[in-house]
Amino acid sequence: MKLYSTNLKAPEVSFQEALITGLAPDRGLYMPKSLPTFSKEEIDSFKDAPYPEIAYRVLSKVLDGEVDDESLKAITYDAYNYDVPLEKMDEQTYIMRLDRGPTASFKDFAARMMARLMQYYLSKENKSLTILTATSGDTGSAVAHAFYGLDNIKVIVLFPTDEVSDRQRKQMTTLNENITAISIDGKFDDCQAMVKQAFADEDLKHFNLSSANSINIGRLVPQSIYYIYSYARLRNYPEEIIFSIPSGNFGNMMGCVLARTMGIPVKMIIASVNENDEVPHFLSTGDYEKIVPSKNCLSNAMNVGHPSNLSRLIAIYGGEMDEKGNISKEPDMEKLRKDIYSGSVTDDETKATIKEVYEKYGILIEPHGAVGIKGLLDFRSQTGDNTLAVTLETADPAKFPEHVRNETGIEPELPQSLKEIEAREEHMDYLGTDYASFKEYLKEKLG
Ligand SMILES: *Cc1c(COP(=O)(O)O)cnc(C)c1O
């Protein structure tokens, strides 16, 4: 597997290099030059296979020998040790629940696979590294859990003391072992700035610092697998399917684009967004305008005014967009509109959808999943297209109890993984926003 940079000014690299470095030297994002396709027979053979087995067979074809079969099988079975339910909403609609991992968010799918693949490459070369990451809540906990207990990799996560919820903090501070959590007396932007400065600091180079952020291609590839899985479970090739994806940085949606490239007959990809509607606006007008600052909506993991994966989508459709959002070459807009539909859902509509889905179908969803469902319903009423659709639930309702309670009167039950955390002891260090002290801390901790 060879990968190119979306800025087209960096050499092609192997999957291993793209995974370990994250960003290309020209600041572009890595994309696979080509992907394998799956035949009708292969897709049929996934119908009854367990999720980790499908993940193994897909990755083994995509990575094409870069990771030996035995290790890859062990990695996929270790990473995906939880359920991926497909809940029937009505005859033509299924909800795929991606909320059963250790942090009850779909980010577990990508983070757990990426962590294990990184560990595989590092241990083969007898190397180690430190993941340094700043978080405003959910990404930090998914990353911390994904790398928890792995050899060769330490994780240091910085979070703003007053900006994360108790539950989010506990997900980072109760792990210990190779995970260190630092409570920063400042804002998320301060945490982010200190991390960025550390990456650029020559004195710290020998510690092998790496980020595990959402632009890493190691996150996108695993996010194609659940589309293949749900298609195989629900449909017979070559009948078509529609996916509706609650989107922020558009990494999840890119996973669906990859699945379609690999042969899944996806009739339409619906990328549903909250009131940060820069992508629907771009698709309808051809003009791209970032939303700065992004709007605060209920589906807070999707409050993104400039999705970092948009340049990947544009690259696939023959265009070029740099990291700042400037388009130097138009993509094929007509084709883009034929393949991808993007609609914006307001907070009021999000709440009404949580209520409606509970009252009509007895299913509890949270704000992100509600945006996905409403986007699908809007698409259907605009187009009259009633093709079988899968809409994604990306977090457990218990992570957003107040909205669920307000709309349904139900107190969502905490999943087991989050319950256990409540009882555990917290450990964290405390720092201010002064870079020099942070640097001394890192030298002592890692030296
Ligand atoms: C991150 C996140 C999203 C958005 O996913 P993208 O890949 O950034 O589009 C949606 N829902 C939840 C719960 C998330 O944590």
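The values are calculated or read from the model by the stated rules, or taken from the named source; none is laboratory data. The model shown is predicted, which means the values in this text are computed figures rather than measured ones. Cβ placement follows ideal geometry from the backbone for every residue including glycine, while neighbour counts extend to all protein chains displayed.
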Practice problem: Considering each residue of region 216-261, count those that are touching a Lys or Arg at 6+ places or on another chain (Cβ under 9 Å), in a loop (DSSP other than H, G, I, E, B) and surrounded by 21 or more Cβ atoms within 10 Å (Cβ to Cβ), and give that number. | Solution: 1
Exercise. With the checklist (1) more than 15 Å from the ligand (Cβ to nearest atom); (2) more than 20 Å from Tyr227 (Cα to Cα) in hand, flag the one item Pro85 doesn't pass.
Key: (2)
Quiz item: In region 139-156, which residues are hydrophobic (A, V, I, L, M, F, W, C) and away from the ligand (no atom under 16 Å from the Cβ)?
Solution: Phe147, Leu150, Ile153, Val155, Ile156
Quiz item: Taking Ser136 and the conditions (1) within 16 Å of the ligand (Cβ to nearest atom); (2) crowded, with 23+ Cβ neighbours inside 10 Å; (3) not hydrophobic (A, V, I, L, M, F, W, C), which numbered condition does it fall short on, given that it satisfies the others?
Solution: (2)
Exercise. For region 101-124, enumerate the residues that are among the aliphatic types (A, V, I, L, M) and more than 14 Å from the ligand (Cβ to nearest atom).
Key: Met113, Ala115, Leu117, Met118, Leu122
Quiz item: Of Glu289, Glu240, which residue is away from the ligand (no atom under 16 Å from the Cβ), more than 28 Å from Ala18 (Cα to Cα) and touching a residue at least 24 places away in the same chain (Cβ under 8 Å)?
Solution: Glu240
Quiz item: With (1) crowded, with 20+ Cβ neighbours inside 10 Å; (2) over 19 Å from Leu446 (Cβ atoms); (3) touching a Leu at 6+ places or on another chain (Cβ under 9 Å) as the list, and Ala181 as the residue in question, which single condition is left unmet?
Solution: (2)
Quiz item: In region 49-91, which residues are more than 27 Å from Asn386 (Cβ to Cβ) and in a loop (DSSP other than H, G, I, E, B)?
Solution: Ala49, Pro50, Asp64, Gly65, Glu66, Val67, Asp68, Tyr80, Asn81, Tyr82, Asp83
Quiz item: On the given criteria, is Asn276 part of a loop (DSSP other than H, G, I, E, B), surrounded by 23 or more Cβ atoms within 10 Å (Cβ to Cβ) and within 16 Å of the ligand (Cβ to nearest atom)?
Solution: yes
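Looking only at region 319-343, which residues are of a type in the set (A, V, I, L, M, F, W, C) and in a strand (DSSP E or B)? Step through it out loud before you land on a result.
Within region 319-343, the subset of a type in the set (A, V, I, L, M, F, W, C) is 321, 327, 333, 336, 340.
Those that are of a type in the set (A, V, I, L, M, F, W, C) and in a strand (DSSP E or B): Met321, Ile327, Ile340.
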Quiz item: What number of residues within region 135-166 satisfy the criterion of being in a helix (DSSP H, G or I) and either modelled with pLDDT of 90 or more or over 20 Å from the mean Cα position of the chain (by Cα) (or both)?
Solution: 6
Quiz item: If a residue has to be more than 16 Å from the ligand (Cβ to nearest atom), among the basic types (Lys, Arg) and surrounded by 15 or more Cβ atoms within 10 Å (Cβ to Cβ) to count, how many in region 308-355 make the cut?
Solution: 2
Self-check item: Scan of region 24-41 for residues that are assigned to a loop (DSSP other than H, G, I, E, B), surrounded by 14 or more Cβ atoms within 10 Å (Cβ to Cβ) and either β-branched (Val, Ile, Thr) or within 21 Å of the chain's Cα centre (by Cα) (or both), ordered by number
Solution: Ala24, Arg27, Gly28, Leu35
Exercise. Go through (1) on the phi > 0 side of the Ramachandran plot; (2) at pLDDT below 95; (3) not hydroxyl-bearing (Ser, Thr, Tyr) one by one and return the number of the condition Val292 breaks.
Key: (1)
Quiz item: (1) in contact with a Ser or Thr (Cβ under 9 Å, 6 or more places away or on another chain); (2) modelled with pLDDT under 95; (3) within 16 Å of the ligand (Cβ to nearest atom): which one isn't true of Ser224, the others all being true?
Solution: (2)
Quiz item: Just checking, how many residues over region 364-405 are touching a helix residue (DSSP H, G or I) at 6+ places or on another chain (Cβ under 7 Å), surrounded by 19 or more Cβ atoms within 10 Å (Cβ to Cβ) and not in a helix (DSSP H, G or I)?
Solution: 11
Quiz prompt | Condition broken by Asp44, with the remaining ones in (1) in a loop (DSSP other than H, G, I, E, B); (2) in contact (Cβ under 8 Å) with a residue 12 or more places away in the chain; (3) of a type in the set (Asp, Glu); (4) farther than 25 Å from Gln119 by Cα satisfied | solution = (1)
